[in-house]
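A quick write-up on the structure given underneath.
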Amino acid sequence: MIRLEGAVLRPVDHAPFHVAPVAMARVGRWMARRGWVHVLLLTLVAGCLYPLAWMFLASVKTDEELRQGNALPSLPVFRVHSPYVRPSLAVIRPDEVRAVRFSAALPALRELTTSAVASALPARVPPFVDPDVWAASSSSALLNRAVSQLPRQAWDDTDEVLAAQYRVLLTPDAVSNAVSDQLSRFELSNLALASTDGQLFSLASGADPATWRVESGNASLVPSGDALRLDYQFGSTDDPPVVLVHDFALPDDVQASDIHKLVLSIRPDDSWHRIDASLEVGGVRWKSARPTYLAQNRPQSVAFQPPGFDDKTTRPRTWVPLRIDGASDRRRNARFALTLSPTSQGQAVFAKVQRNYLRAFDSVPFLQYMGNSLLLVGLTTAGSLFSSAFVAYAFARLEWPGRTTALVLLLSTMMIPPQVTMVPSFVVWERLGWYNTLNPMWVPAWFGSAFFIFLMIQHMKTIPRELEEAAKIDGLGVVQTWWYVIVPQLKPTLAAVGVLSFLGAWNEFMGPLIYLRDQTKFPLSLGLLGMRIDHGADWSMLMAANMLMTVPSVVVFFCFQRYFVEGITVTGMKA
Amino acid sequence: MKRLSLRVAALLFLSLAVAVSWWTVRSSREANEDGREPIVFWAGWMIGDDIYAAIDRFEHVHPQYRVVATTGTAQDAVGDAQRLLSAIAGGVPPDVVFFDRFAIGEWASRHALEDLTPYLDAQDPADPERLDLSGYYPWAVEEASSRPPGSLEPRRIYGVPTAVDARFLYANLDLIRQEGMTDERGEPKLPTTWGELREYSNRLSRFRVPGRPDSGLVRLGFAPNYGDSFLYMYAFEAGGRLLSPDGLRVTMDSPEVTRALRFMTDVYDDLGGIAQVNAFQQSAQLGPLDPFLKGQVAMKIDGTWYLETLGDWKPDMNFALAPAPMPEDQLAKGRAPVTWGSGWSLVVPSTSRHKQAAFELIRYLRTWDVVAMLDRSKRERKQSEGRVYLPTVDADRWFAHRLFEQDVFDDRAMPETFRRAYRSLAELVDHPEIRPVSPVGQVLWRQQIRAFEAAVAHKYAAEARASGQDEVQLALTRMAEPVQHQLDEATRPLPPNVVRWSPYFLVYGGAVLAFLAGVVVLTLRRRRSHGYSLQQTGAALLFASPWFLGFAVLTGGPIVFSLVLSFTRYDILTDARYVGLANYHDVIADPTFYKSLLNTAYMILRIPLVMGAGLVMALLLNTGVRGLSLYRASLYLPVTMPLVAACLLWTWIFNSRESFLNEGLRFLFDTAPARAIEWVADRFASQPVRLDAPLWLQDPKLSKFSLVLMNVWAAGGGMVIWLAGLQSIPRQLYEAASIDGAGPFRRFWHVTVPMLSPYILFNSIVGVIATMQVFAEAYVMTGGGPVDSTLFYAFYLFRQAFQFFQMGYASALAWILFVAVLLLTLLQLRVSKRWVHYDQA
């Protein structure tokens, strides 16, 4: 049912709350009259917004979460103790095994697994860890792993054969891996120093407990395999941090200024507690410029790096920068300290949300891309606004021979696919020496685009002639008339042209692809594509970059929404 | 007051113009502030993060040089060539480029690369940094060297190999064990012959309806061309070659190659056809979504680089790497398993202005210190992400083995599966075959894919039966023809007539001036009759001047230029030469041209869909609903999303099994009504019907529709325009119609639609023009695939121009496009007279 605007824009009566049947009837009437419109519109809106919401959710996930395919990202939980046992896994039935057979066989398999795990648990269990919980969790992981490897035919065989086949899979490696995987813990393995001339010095290896000491805080270091495990406890978020210190002497032929980076290998415990580092060497105290969170459970390394040649390049900033934090009396006898502080629930959530965004910023020169895009967009928009309003005047208002011919030419250029002129235009710009500059992308805007000129012509034609005649009597010249009389009338169309050309320039893709050589000149669109190529599989980071690229254009549209809609309305699109 | 502000405005504008032109002039010059010789280096991302540390050291050792390094942005190896070509044609080529070795033959034959042989020979034998290629894998050096086809002179070296790769069989041992294919010790056993391979493929594959390949694959055992093997792999295994040793004849249809292709075809037939397997093609399913990782593919042949995917996303996977199986008789002859290799190299463009400096940088980058440092930085990068680091294979055999030792064999944390994999890899990478180094390497590559596609789709079955030929051989013969054609052309002397541009410039400039003169003359002569005045014409020319200048230089000129180009052979690097109508002739004979045309025509479908969706939204909004601006804003939001960003988002929505789209569909198909429909359809259909979330972008039948779907999502753009149109319809018309007794539908049909018809016309004209230009979607999301199903016209044109150097051919395509758009628009305008209603305005 189509209703007309004027007819329905009367106020909707807000009746006070009545007895239920009346209210029900009202709701029914409301639904019949206009509720259905809301329902339909809400459905459409949901369809439009869901992909965007999904993009946001993906941008705050870790890659484990992506792989598991959870709809919502998990929330970090405040951990009081470390190490702790990870949750048990649900057992997944292989597709080809019947449910009855599976559930019948499962208890026996579970039994086998549990006994295998029991013998592999260490005699000395870390503090605060319940051995039974650990055993149960490890068994579930091992069971899952082994069940997925069982030969298909074994399920059709007797229980004994199945058990025998299953036992083969419980190798000592598989068992100890499961036991190790299910204990979430913070381990330090190696600390190495790289010098600017490319040498690498190992400062501390994990197996040696003497290399690190706990200076303060409720924690202790325990050797564990070839690493040092840190057992710690935070009663609350206000607890004092744990400080770990490693003292070392600078290698003989290395000066303090030759330090390229310190590489620390750790296995984090997914507690989202934060680490800050400080380094005292060469009379200077360095401090890490941003925290590292103990996220995820897989071994990783963190590089701490004072400013150097890397900062001037476009390489991904995978390191934690160090900055000067005062003087120190230590010169060649250096001191490297790690501060582990508790993270509150809120901080942890915030850290997780911003994680992929920071990675996106670090992995490409994002701000530079953004700057290029803004420059491109600004110049293009300014050019389009000026040229379309300027040129349109010649067609809409002035009488001259050849106008019709020129107008036909103008309109027909709208039909020319850019690919037709791609090759020759390239030659033109190249001759001007503008290859590898942003110019080929924005200079054409100053010459006017046919579509925008057309919009302006349409609008200008609706402006009454009397205004100009009055101006003429006042003694204004043509240019002045245009500027004082015509342009102020064009505001809505100018806004529409502005928004359209902003979006066009922000999206510009093929131009940069052809004309730009240096990465430092890329706008965001091409930079984003580069990111997809260089970090193709890192979807959560890509989605974060996508979000960052989408936000400005959304903001611009919503700031100018009113004018934009008005511009489209006024112009009326009457061909 | 007002006059002053005009002056201020003019002044501001002038100063802006001056500032901008100063800035553009400045930025167009190569910044060379400190007197050092700049070396522009395009390093691929795979070269390692510490390339900058290496460069820093290089600048210390050679203070006379300054290195400007960037990473290339390439869709794939061939895509990067497009940017390199632009840079060379733009006159500011990079000096050192990380380059796909495969393309060297083609580029060298166009004299686009510098011959490095003299530089290598001129080195001081006592120099510790001497670059000695004798320790490199010989096949890699051969691939980086070229000589004209048919020539017997020694090959010249055009590139210094950096990394090599090769192809192997990857097998999921868990699945093989599950299937019971084990040796006497109960360990999974891998196939070694073609026969075994086929048997494994059949046993490991699972269909939706067991035993019915036409019901669709749910698990792929093995498919010959899944991953990275291609016809080359099987041809080499069968002892065949695609090009004769002298490089003059295409031998794609020799008996050995035919046999290889027949084997591939047979295995695909077992699997129910290529369409089923395409559904698994992993082109866009990167990283954690890779089907092999997820156990949806049991075995495949893929490159060395696939190890990295395994290490990144499933280091605990129980897999094995082995030589690809061989034909039984070849093994019986005592041949060792073969594979084919490829890889990367550093090259110097022939137009570089700093060649010696470039060579110094290459030499430096190829020293062990730098190689080890780059390797270490790659390891650190992986470790910083908590991932396993797996070294690439260096082109220097000794370096490669040293890196294997330190990164894999001596690393105690390395899973045993990877150690085993590297042991077989080290052995196999010694003697792979290579694709022929030839000026037509890329065409040959494309055509062998076409031949494969034609054979597995049994495209020539009927024709072969009619003429009594062999179907597979016929496919190969057909596809070999264009390659031979290009090869002959490459070896023939160039067409004699070089294009001279000055007459065209004169004529064109004359035409432009004539138009201007005409305007002035007509003004003077028709002053009385038409009321023109010189003053007004002068003002008009002033106002129109920006557009006029832009039109003359950027539109009119280029159109003439491209028309001339369409009659020439031109590759930007050498002069254009007239070839008459040959380009048009080739276009008409080119099946890809028709394919891309059809693909583009299909996309016309999106115009009514997008318009309809926009109109529905606008109609709903126009009911006077409350919260109009909020609804409008939400519906418009997708339009504001930048196209590249939207493409990336939708790639993922389509590909991810877990995306809400696929999850939602699966949920829907699991409900009782859907099951009922499935059951009923199953009774009547010739093949089993199973409802499942489709493989949007990977299914050639659906890939275009998926792109249309993405467009419909952004239908809010049209909605704004519709809404404006609806709001401008006078109310009286509806009232009059109501009085005449028209219901809502008749009112819609007889009032709304005619009043909106100008908008419909406008939208369809703009829509057709935009559709003819669809490019970014295909470039970003599908790369034209699968099976060319999203190779749109504009994309095909772009490829011809900037990837295959065929500027003349591309110009012919462009002109055909131009004429097509023109005709379509005129047709729409003509037809529109019958249905478009213009009111008094």
Single residue of the range B:348-377 satisfying the filter (of a type in the set (S, T, Y) and within 14 Å of another protein chain (Cβ to nearest Cβ)) that is farthest from B:P125 (Cα to Cα): B:S377
Residue satisfying condition, being without any contact (Cβ under 8 Å) to a residue 12 or more places away in the chain, under 27 Å from B:Y779 (Cα atoms) and of a type in the set (S, T, Y), within set B:Y636, B:Y594, B:Y631: B:Y594
Pair list, Cβ under 9 Å, 6 or more apart: the range A:345-372 residue under 18 Å from A:L526 (Cα atoms) and open to solvent by 20 Å² or more (accessible area, probe 1.4 Å), other residue assigned to a helix (DSSP H, G or I) and of a type in the set (F, W, Y): A:L367/A:F361
Residues of the range A:252-267 that turn out to be open to solvent by 20 Å² or more (accessible area, probe 1.4 Å) and either closer than 26 Å to A:P209 by Cβ or more than 14 Å from chain B (Cβ to nearest Cβ) (or both), as a count: 6
From the options B:V507, B:V519, B:V560, B:V472, residue that is more than 12 Å from chain A (Cβ to nearest Cβ) and open to solvent by less than 80 Å² (accessible area, probe 1.4 Å): B:V472
Single residue of the range A:557-572 satisfying the filter (surrounded by fewer than 20 Cβ atoms within 10 Å (Cβ to Cβ) and facing chain B (nearest Cβ under 8 Å)) that is modelled with the lowest pLDDT: A:G572
Selection count where residues are part of a loop (DSSP other than H, G, I, E, B), open to solvent by 40 Å² or more (accessible area, probe 1.4 Å) and either more than 19 Å from B:M781 (Cβ to Cβ) or within 14 Å of another protein chain (Cβ to nearest Cβ) (or both), scope the range B:690-722: 3
Qualifying residue in the range B:392-399 (condition: over 30 Å from A:P172 (Cα atoms), touching a Leu at 6+ places or on another chain (Cβ under 8 Å) and more than 14 Å from chain A (Cβ to nearest Cβ)): yes
Residue selected from the range B:740-794 under the condition without any contact (Cβ under 8 Å) to a residue 12 or more places away in the chain and within 25 Å of A:I514 (Cβ to Cβ), by the criterion surrounded by the most Cβ atoms within 10 Å (Cβ to Cβ): B:V766
Residue check for A:E96: acidic (D, E), in a helix (DSSP H, G or I) and either open to solvent by 70 Å² or more (accessible area, probe 1.4 Å) or modelled with pLDDT under 80 (or both): no
Hey, A:A71 within 14 Å of chain B (Cβ to nearest Cβ), open to solvent by 60 Å² or more (accessible area, probe 1.4 Å) and assigned to a loop (DSSP other than H, G, I, E, B) or not: yes
Verdict on B:F804 being aromatic (F, W, Y), modelled with pLDDT under 80 and under 19 Å from B:Y594 (Cβ atoms): yes
Which listed residue, of B:Y796, B:Y779, B:Y759, is at the interface with another protein chain (Cβ under 10 Å from one of its Cβ atoms), in a helix (DSSP H, G or I) and within 27 Å of A:F564 (Cβ to Cβ): B:Y759
Count - residues of the range A:431-443 that are buried (at least 20 other Cβ atoms within 10 Å of the Cβ) and either at the interface with another protein chain (Cβ under 7 Å from one of its Cβ atoms) or without any contact (Cβ under 8 Å) to a residue 24 or more places away in the chain (or both): 5
A:P299 out of contact with any Ser or Thr (no Cβ under 6 Å at 6 or more places or on another chain), open to solvent by 40 Å² or more (accessible area, probe 1.4 Å) and within 26 Å of A:S205 (Cβ to Cβ): yes
Considering residues of the range B:33-50 that are modelled with pLDDT under 70 and among the charged types (D, E, K, R) only, the residue most open to solvent (accessible area, probe 1.4 Å): B:E33
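For the range B:122-143, which residues satisfy the criterion of being outside any loop (DSSP other than H, G, I, E, B) and open to solvent by less than 50 Å² (accessible area, probe 1.4 Å)?
B:L133, B:G135, B:Y136, B:W139, B:A140, B:V141, B:E143
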Scope the range A:499-555; condition surrounded by 20 or more Cβ atoms within 10 Å (Cβ to Cβ) and among the acidic types (D, E); matching residues: A:E508, A:D538
Breaking point among (1) in contact with a helix residue (DSSP H, G or I) (Cβ under 6 Å, 6 or more places away or on another chain); (2) away from chain B (no Cβ under 11 Å), for A:Q354: (1)
Filter result (under 16 Å from B:T623 (Cα atoms) and of a type in the set (S, T, N, Q)) within the range B:736-751: none
Those residues of the range A:74-93 which are in contact (Cβ under 8 Å) with a residue 12 or more places away in the chain, surrounded by 12 or more Cβ atoms within 10 Å (Cβ to Cβ), out of contact with any Asp or Glu (no Cβ under 6 Å at 6 or more places or on another chain) and of a type in the set (G, A, S), in sequence order: A:S88
Selection count where residues are in contact (Cβ under 8 Å) with a residue 60 or more places away in the chain and open to solvent by 30 Å² or more (accessible area, probe 1.4 Å), scope the range A:55-68: 2
Top-ranked residue in the range B:723-735 [being in a helix (DSSP H, G or I) and open to solvent by 50 Å² or more (accessible area, probe 1.4 Å); ranked as nearest to B:G624 (Cα to Cα)]: B:Q727
Residue in the range A:192-202 that is touching a Pro at 6+ places or on another chain (Cβ under 8 Å), closer than 30 Å to A:Q255 by Cα, without any contact (Cβ under 8 Å) to a residue 60 or more places away in the chain and open to solvent by less than 50 Å² (accessible area, probe 1.4 Å) present: yes
Residue match in the range B:378-387 (condition: among the charged types (D, E, K, R), within 13 Å of chain A (Cβ to nearest Cβ) and touching a Leu at 6+ places or on another chain (Cβ under 7 Å)): no
Given (1) in contact with a Phe, Trp or Tyr (Cβ under 7 Å, 6 or more places away or on another chain); (2) surrounded by 24 or more Cβ atoms within 10 Å (Cβ to Cβ); (3) among the β-branched types (V, I, T), index of the condition A:I416 fails: (2)
From the options B:Y578, B:Y602, B:Y584, residue that is closer than 30 Å to B:P93 by Cα, at pLDDT 90 or above and among the aromatic types (F, W, Y): B:Y578
Count of residues meeting criterion [assigned to a helix (DSSP H, G or I), closer than 19 Å to A:P73 by Cβ and at the interface with chain B (Cβ under 7 Å from one of its Cβ atoms)] in the range A:517-542: 2
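The values are calculated or read from the model by the stated rules, or taken from the named source; none is laboratory data. Not measured: the values here are computed from a predicted model. Methodologically, a virtual Cβ is constructed for each residue, glycine included, from the backbone with ideal geometry; neighbour enumeration extends over all protein chains shown. For the accessible areas, the whole protein counts, side chains as well, though only heavy atoms, and no ligand, DNA or RNA atoms are used. Shrake-Rupley method; radii C 1.70, N 1.55, O 1.52, S 1.80 Å.
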